[in-house]
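Peer 1: One structure coming up, written as structure tokens, with questions to follow.
The values are calculated or read from the model by the stated rules, or taken from the named source; none is laboratory data. From a predicted model like this one, the values you see are computed outputs, not experimental measurements. Because the Cβ atoms are built from the backbone with ideal geometry, glycine has one as well, and the counts that use them run over all protein chains shown.
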Amino acid sequence: MGTPNSLRRIALIAGAGYLVIFITGIYANFFILENMVDSADAVKTVANLTAQTAQFRLGILAFIIMVTFDVVLTWALYVLLKPAGERLALFMAWFRLVNCVLFGAALMHLFSVLEWVTGTPPSIAAEYIQAHVMHSLSSFNYTWLIGLLFFGIHLIALGALTLRTSYIPRFIGILLFIAGAGYLTDSFAQFMLADYEQYKDIFTTVVVLPGVVGELSFTVWLLLRGGRQV
């Protein structure tokens, strides 16, 4: 176990890591991909990506920064919560790390999209380009979705670890546990339900509300009180 000062520094690193992940993830996913990609309209999607290549590159860069800080956060959370249970902390860290690896693999599909919209010779038919772009975007989503299964298990373990401590507010652990269960439920639903889109808003609420409140609350605690285990 580290000294109080070293634990405090690690907690600040973890809190800052969470903030960077929130900012870059929201920017890349909601301000870039959501505005450019229409899963039901390949022509519109390719036109958007072609016209806004610079923004798309920024989105990819934001995702790269996000996953880099996610690896750092994985280490910081393990060090901070190891006293609450070393084996569970290691389990928690490995599942988040697997999610990082899978997301890194998912990013390769976005680079493929970039190659199709910027490096394809004019002689290639537009329909061919559109088909490959949409396939790459779909592969990105499904690879990310597999990663979220591991992320959901990570959150459940993280919630369990925080509940074992006497210094982290219990509501944070409960919310993290619920968010983890929500990620698992939503991910399996996307794989298993043919009519998932009809229930998408419900599943999104189940995941987003406890996840955002729980992880933001944990971020605030890390920045203000983390490492001060009293």
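Peer 1: When you check L158 against the structure, is it under 30 Å from K82 (Cα atoms), at pLDDT 95 or above, touching a helix residue (DSSP H, G or I) at 6+ places or on another chain (Cβ under 6 Å) and buried (at least 16 other Cβ atoms within 10 Å of the Cβ), yes or no?
Peer 2: In short, yes.
Peer 1: From the list F69, F31, F56, exactly one residue is over 15 Å from G104 (Cα atoms) and either surrounded by 15 or more Cβ atoms within 10 Å (Cβ to Cβ) or of a type in the set (S, T, Y) (or both). Which is it?
Peer 2: F56
Peer 1: Here is a further query. Search the stretch 190-230 for residues being aliphatic (A, V, I, L, M), assigned to a helix (DSSP H, G or I) and modelled with pLDDT under 85, and hand back the single one that is surrounded by the fewest Cβ atoms within 10 Å (Cβ to Cβ).
Peer 2: So, considering only residues that are aliphatic (A, V, I, L, M), assigned to a helix (DSSP H, G or I) and modelled with pLDDT under 85, the one surrounded by the fewest Cβ atoms within 10 Å (Cβ to Cβ) is M192.
Peer 1: Among (1) touching a residue at least 40 places away in the same chain (Cβ under 8 Å); (2) farther than 26 Å from A16 by Cα; (3) in contact with a Phe, Trp or Tyr (Cβ under 8 Å, 6 or more places away or on another chain); (4) among the aromatic types (F, W, Y), there is one condition F203 misses while meeting the rest; what is its number?
Peer 2: So the condition that F203 fails would be (1).
Peer 1: For a quick check of your reading: which helices (runs of 4 or more DSSP H) sit entirely within the stretch 1-85 and have at least 1 residues that are closer than 27 Å to V220 by Cα?
Peer 2: Those helices (runs of 4 or more DSSP H) span 4-26, 53-81.
Peer 1: Now for a separate question. Would you be able to say whether some residue in the stretch 154-167 is among the polar types (S, T, N, Q), assigned to a helix (DSSP H, G or I) and within 16 Å of the chain's Cα centre (by Cα)?
Peer 2: For the stretch 154-167, residues among the polar types (S, T, N, Q), assigned to a helix (DSSP H, G or I) and within 16 Å of the chain's Cα centre (by Cα): absent.
Peer 1: Are there any pairs, at least 6 apart or on different chains, whose C-beta atoms fall under 9 Å, with the first in the stretch 163-180 and more than 17 Å from L88 (Cα to Cα) and the second outside any helix (DSSP H, G or I) and modelled with pLDDT under 90, and if so, which?
Peer 2: Partner pairs satisfying both residue conditions: Y167/R225; Y167/R228; Y167/Q229; Y167/V230.
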